[in-house]
1. Determine, for each peptide in 1-10, 27-36, the mean count of other beta carbons within 10 angstrom over its residues, then list the peptides with the highest first.
2. Report the charge-dipole magnitude of the chain in Debye, nearest 20, computed about the Cα centre from +1 at each Lys and Arg Cβ and -1 at each Asp and Glu Cβ.
3. Go ahead and estimate [θ] at 222 nm for the chain from helices alone: -39,500 (n - 2.57) per DSSP H run with n ≥ 4, summed, over the residue count, rounded to 500.
4. Highest first, please rank the peptides 45-53, 12-20 by the mean number of other Cβ atoms sitting within 10 Å of their residues.
5. Take the alpha carbon gyration tensor of region 1-43, find the square roots of its eigenvalues, order them as a ≥ b ≥ c, and report rounded if a/c is under 1.5; if not, report prolate when a/b exceeds b/c, else oblate.
6. For region 1-109, state the average projected area of the convex hull of the C-alpha atoms over all orientations, rounded to one decimal in nm².
Amino acid sequence: MTRYVYRRLIHDGILSQAFSIAPEYRLVIVGHSLGGGAAALLATMLRAAYPQVRCYAFAPPRGLWSGSGHKALHEYSRSFIVSLVLGKDVIPRLSVTNLEDLKRRILRVIAHCSKPK
């Protein structure tokens, strides 16, 4: 999805057309939940061509910057991406590591429980 939007914005000239009409405008990308993740990825992809881009990701999924070099990417994106999470929203806090920890804790409780299972 993000690649499709990127191609439309860049290759179809949508952004260059928009900025030729209103050069004083700033590029701001906003998304919520999965859209927040897509917005963050899109902002990162557009950053080279549009260094003024800003992104506001509301409750984005966790783990967008996983894999090798993710710390460097996280540091790079801090200057133009803001992630906001409200209260105890579980989705932005979910990760494979957290789920594996939960599984391990549940199995430990079950193993030490004397009640019939």
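1. Put in order of decreasing packing, that is 27-36, 1-10.
2. Dipole size: approximately 680 debye.
3. Calculated at 222 nm, the ellipticity per residue is -14500 deg cm²/dmol.
4. Ranked by mean Cβ neighbours within 10 Å, highest first: 45-53, 12-20.
5. Oblate.
6. Convex hull of Cα atoms, orientation-averaged projection: 8.5 nm².
Values in this text are rule-based calculations from the coordinates and carry no lab data. Being a predicted model, the structure only gives us computed values, none of them experimental. Heads up, the Cβs are rebuilt from the backbone with ideal geometry, glycines too, and the neighbour counts pull from every protein chain shown.
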